[in-house]
Each structure stands twice: as structure tokens, then as C-alpha cells.
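Notes to accompany the following structure.
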Amino acid sequence: MKLLSHVLSWVFLPLFMPAYGLLISLYYPSEELVYSSMNMFNIPPDIKSQLFWLFFIFSCAAPGLSFVMLHQRKIITTIDMENARERNIPLLIMFAYCAFLYALFLYKAPNGLLPKYFYALPLSGTIVTACFIYINRWIKISMHAGGGGILCGYLIAFFMAQAQIPILLIALAILVSGLTISARLYLKKHEPIEVYAGWLLAFAITFSCNWFYPS
């Protein structure tokens with residue numbers, strides 16, 4: 001169980017979860033309920049690939065490399081960031097990359113040139129990390145649980161705007177986030193309030209941003 005919990009923690013790192021969600025929405029066959037809205041699945045493959053890798057670099061690869069550098073410089077003692085005080089700088093880095101990615105999409109593709117999810121997903125990440133920075137003053141809110149909340153909130157908001165909702169896929173995303181939360185509790189990395197609060201807050205913010213963001 002301990003090995004499985006560590007594997008789950010690494011496979012479903014919070015940095016990976018938004019990228020997983022975007023990847024699903026780009027490549028899972030879907031059809032927008034509102035025909036005036038741009039369809040993610042129908043984006044030309046080469047543009048789709050470029051957009052995904054741009055998102056991945058700024059939401060996952062660059063922050064991940066920054067965390068490794070912080071660890072090498074002894075600014076954080078572990079990659080897991082078990083100490084609540086050590087989490088402020090990594091959270092600020094995540095906030096900065098999310099905000100930059102949102103601004104980059106606004107600048108490079110203004111006036112809704114792209115489907116709204118390319119703007120709303122980085123915006124939700126910006127707001128989630130800002131809230132986590134504030135709450136981290138009192139409790140070590142779980143970033144793993146927050147990643148699960150982002151994944152579920154994004155996919156539910158996305159598929160509710162599609163002609164068909166893949167119930168099994170949504171159920172799988174919820175199962176994955178539940179297993180990740182269970183792994184963090186089993187490893188005694190967090191108290192229950194820290195994982196449940198992280199998931200619910202990230203879910204609510206991400207769902208709201210992606211549902212209400214103007215098309």
C-alpha cells in the first residue's frame with residue numbers, strides 16, 4: 001500500500017492534473033451544445049499539438065524545473081514540500097506561471113480567438129494558487145487534492161457544455177482524485193481537513209471559471 005500510495009502521488013502530481021484535463025478535452029470526441037462556440041476536438045491537429053505543448057511547458061515543465069532548482073539550493077528540503085512554510089515560494093512560482101500563461105493566451109489570441117478553456121483553465125490555476133497561498137498561513141492545504149479538484153472541476157464544466165457527457169470518464173476522474181487523496185492520507189502527509197478543503201476549493205473555483213468564462 002505504501003508503494004502504491006507513492007506511485008499515485010507521483011503519477012497524479014498537482015502539476016500534471018490540468019494538463020491531463022486539457023489533453024482529454026482536446027482529443028476526446030466532443031461536440032459543443034452551442035454551435036457558435038469553437039470545438040476543442042475539431043482544432044487542426046498541428047495547432048492542437050502546439051497549444052497543448054505551450055500549455056504543458058508553462059503549467060508543468062517550467063514550474064517543475066523551478067522546484068528542482070529550489071531543492072538543489074536547499075530552499076525546500078523535499079520535493080514533496082512537507083513543511084508548510086516552504087510551500088509559499090513554490091506556490092508563488094505556480095501562481096506566476098499560471099498568470100503568465102493566462103496573459104500570454106490573452107495577448108497572442110485576443111477576443112476569444114481560441115476556445116474559452118485555454119483562457120479559463122490558466123485563470124482558474126491562478127486563482128486556486130492565490131487562495132492556497134493565503135490559506136497556507138493556517139493549514140497545510142493539500143496541493144495534490146487541489147490538483148484532483150482542478151481536474152474534476154474542469155472536465156465537468158467542459159463536458160456539461162458538450163452534446164454528450166461521458167459519465168464513465170467523469171467517474172474515472174473522480175476516482176483518480178479520490179485515490180490520490182486516500183494516498184496522501186495513508187502516507188500521513190495531510191490531515192483530512194487539508195485534503196477535503198483543497199479538493200473542494202479547487203473544484204469550485206475551476207468549475208466556476210470554466211463554466212462562466214465568456215465564450
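Worth pointing out:
- Our summary gives the chain a relative contact order of 30 percent, counting only alpha carbon pairs under 8 angstrom and 6 or more residues apart.
- Fully extending the segment from L65 to S208 would add 48.5 nm, taking 0.36 nm per residue of separation and subtracting the current Cα-Cα distance.
- Length gained on full extension, L4 to F100: 31.1 nm, using 0.36 nm per residue less the C-alpha separation.
- Basic side chains Lys and Arg get +1 at the Cβ, acidic Asp and Glu get -1 at the Cβ, and with that the dipole of the chain about its Cα centre reaches some 580 debye.
- Zone of E191's modelled label, taken as backbone nitrogen in segment 113-147 under 14 Å from a point 7 Å along Cα→Cβ: 136-142
- When V7, V34 are arranged by Cβ crowding within 10 Å, least crowded first, meaning fewest neighbours, the order is V34, V7.
- Lysine pairs in segment 2-212 with Cα atoms under 24 Å, if 8 or more residues apart or on separate chains: 11
- Amide hydrogen proximity for Q162: with H placed 1.01 Å from N in the peptide plane, the residues at 5 or more positions away or on another chain lying under 5 Å are L33.
- The distance between label points at L33 and S49 comes to 3.4 nm (points 7 Å beyond Cα on the Cα→Cβ vector).
- Look at where the Cα atoms of segment 113-163 and of segment 179-215 average out, and the two centres are 9 Å apart.
- GNM top mover of W138, W53, W199 - the chain, alpha-carbon springs below 10 Å: W138
- Sorted by Cβ density within 10 Å, fewest first, the residues I193, I76, I150, I139: I193, I139, I76, I150
- Sites Q72 and L23, calculated FRET efficiency, Cβ-Cβ separation with R0 25 Å, nearest 0.05: 0.30
- A helix-only calculation puts the chain at -22000 deg cm²/dmol for mean residue ellipticity at 222 nm, using -39500 (n - 2.57) for each DSSP H run of at least four residues, averaged over all residues.
Here, each number is a calculation from the coordinates, and none is a lab measurement. Note that the structure is predicted; figures quoted are calculated from it, not measured. As a convention, Cβ positions derive from the backbone with ideal geometry for all residues, glycine included, and neighbour counts pool all protein chains shown.
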